[in-house]
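What follows is calculated from the coordinates using simple rules that are stated; it is not laboratory data. All values derive from a computational prediction rather than experimental measurement. Note that we place each Cβ from the backbone using ideal geometry, even for glycine, and neighbour counts take in every protein chain shown.
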Amino acid sequence: MRRDLPRNILVRAPNWIGDAVMCEPAIRGLRSLFPEAEITMLAKPAVAELFSAAPELSRVVVYDDKGPHAGLSGKWSLAGTLRQHGFDLVVLFQNAFEAAFLAWLAGIPERYGYATDGRVFFLTTPVAVPSRRDAVHQVEYYWNLLKPLGLSGGASLPTLVVTADESRQLDISLAGAGIGVSDVVIGINPGSTYGSAKRWLPERFAEVAQRLAERIGQDESAQVVVVILGARGEESLGKDIAARINRRSVVLSGATTIRELMAAVKRCRLLVTNDTGPMHIAAACGVPVVAVFGPTDSQTTAPYGQERSIVREAVDCAPCLLRECPIDHRCMTRIPVDRVYEAAVQQLSGLSCLSGRRGPSGLSGEDRTGQIDRIDKRDQTDILSGYTIFLDRDGTLNPDPGYIKSPDQFELFSGVSEALARLKQAGARLIVVTNQSGIARGLLSRKDLDAVHMKLKRLLDGAGVTLDAIYFCPHHPDDGCECRKPNRGMIDQAVRECGVNLDRSYLIGDHLRDIELAKRVGARSILVTTGVVSPQDAEGLNVSGAAPDRIASSLTEAANWLLSDANRVSGQIRERQVAHP
């Protein structure tokens, strides 16, 4: 299929919240394949709400099969609505027969999806279903569907957008319950709409929450609140757990919309959960997760990018994928509180999905934990004095839908403002360096770019962060300019205009060209796996010449390591000064 052919694309989203989150990187990949197309999502109400602020989508159409779209007459009515949009391609991430039939009924000429559920007749481009023995993570399952269309590389991490207004509204709601913006929130998600087999024991959730709250309160002298999340019908479960916790707690079970749930999850320092939709929402918002798995397959549905955060018991009957356990629920009852608590402590220490791997720094997960803990507990006001942090933009600070043409499409990743605030408070100078070939391609103007950067500054201002400079390359990749990364033109300009000392500089980016640029100018480099390089691909860089100084799953982890690395270097300098006064 020619990349310039589809102008009006329909995406049929999966029905379950967790599946929809795992599908998000593929939707972003579709946008990168067809950056100028209108992309509309057709989704059930909850999933439609989940994606209502997604920058990669042009619009979302709700498919309400419990209301106006129920029955054959409802399907016919919906098909008529879709026909009016004049779609020329539909991509079916939802695997059911009905999805393909509805697309055929709507008269969409190109119908693309996996050849599942006996629907090949209704697909113009059926894609072979992967063999069960070649099972991959669900994120990659959706991503791989698009490879015949030209999508390449590995899947990126799922990313969800919670707007600044939604976060403010949540803060107002929590304030009504006596929770301040500086309080530490531990999230507990003890339910599961799929069935009771996926639920760990409520009394054990309560004990983990109690112990975590006590530890954080002692270590940080912070006010700690346990927020219990859940779906409608799980209110009594939430209240039961709250009654067992001798700390401040708030039960939000059944009391939030999907968007409010997303904002609440994003507010958490950590989420302890069963294998559920909120688990995937947390990972997509950059929130550390501890996920208790029982009857489901952690190899295919673990929180992507935080696979090492799962806790499970290896029993012969799991994964059985049953909603209710027909025997003694051993896959859950054999998981003790200590294992979940210890996994949570590791996550709170700043470890990521790469925590047990030995990276370019040569430190194991345990070594890095101690180093980060030490740096977090000392005065950080001058650690980065004299240092400059160069920051890529798209895929590093914010989700990258292809080309961001207006401020409405721009939102920061979860945790970015806080991470940059820590670097700024430590004395660093922050400079953004970004390729913006969309200007040369005619996709946006310099005025459009200025408006986007005004929103970037406004979002950071809310966290007390001021950028020292923003440099961008407006040229086409074929122009051969000196400023387009990995060429060093923007860095050299910063040296001239801002007096940057490259011996005391770092570069954080999501692309290999960022790492190459860092090597060219002599800066320390950090690759974040929030953009085009997946955690799996990043791990392979450790044995290649393209390896960065550090691989991080988020800007938060990058800031943690950068502070500890700068402190280590400063310590070495002090030791040399003492030895050779």
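When restricted to Cα atoms, segment 8-149 yields an Rg and a Dmax of 14.1, 42 Å, respectively.
Note: relative contact order over the chain, using C-alpha pairs below 8 Å and six or more positions apart, is 12 percent. Our helix-only sum for the chain, with -39,500 (n - 2.57) per DSSP H run of n ≥ 4 divided by its residues, gives a mean residue ellipticity at 222 nm of -11500 deg cm²/dmol.
To make sure I understand, if each residue's beta carbon is the centre and we count other beta carbons within 10 Å, what order do Met41, Met454 fall in, fewest to most? Lowest to highest Cβ neighbour count: Met454, Met41. For the chain, hydrophobic long helices are taken as DSSP H runs at least 15 Å long by C-alpha position along their axis with mean Kyte-Doolittle hydropathy of 0.5 or more; these are 17-33. Computed from phi, the 3J(HN,Hα) profile of segment 180-185 under the Karplus parametrisation 6.51, -1.76, 1.60 (θ = phi - 60°) reads x, 5, 8, 5, 8, 10 Hz, with x in place of Gly and Pro. With the highest mean first, a sort of the peptides 216-224, 53-61 on other beta-carbon atoms found within 10 angstrom per residue produces 53-61, 216-224.
Using θ = phi - 60° in the Karplus curve 6.51 cos²θ - 1.76 cosθ + 1.60, the 3J(HN,Hα) couplings for segment 42-57 round to 9, 8, 4, x, 5, 5, 4, 5, 4, 9, 5, 10, 5, x, 7, 9 Hz; x is entered for Gly and Pro. With 31 Å as the limit, the listed pairs Lys457/Lys485; Lys44/Lys457; Lys44/Lys239; Lys239/Lys266 have Lys44/Lys457 beyond it between alpha carbons. Each of the peptides 188-198, 15-25, 106-116 was scored by the mean count of other Cβ atoms within 10 Å over its residues; in descending order, highest first, they stand as 15-25, 188-198, 106-116. Neighbour counts of other Cβ atoms within 10 Å put Lys485, Lys457 in the fewest-to-most order Lys457, Lys485. By other beta-carbon atoms within 10 Å, ranking Ser52, Ser131 with the fewest at the front produces Ser131, Ser52. Note on Ala135 and Asn501: their simple-model spin labels are 5.5 nm apart, each label 7 Å out from Cα toward Cβ.
Straight-line cross-link reach from Lys447 at under 16 Å between alpha-carbon atoms covers these aspartates and glutamates, not counting any fewer than eight positions away in the same chain: Asp408. Once you sort the root eigenvalues of the Cα gyration tensor of segment 164-348 as a ≥ b ≥ c, which label holds: rounded (a/c under 1.5), prolate (a/b larger than b/c) or oblate (the other case)? Here segment 164-348 falls in the prolate category.
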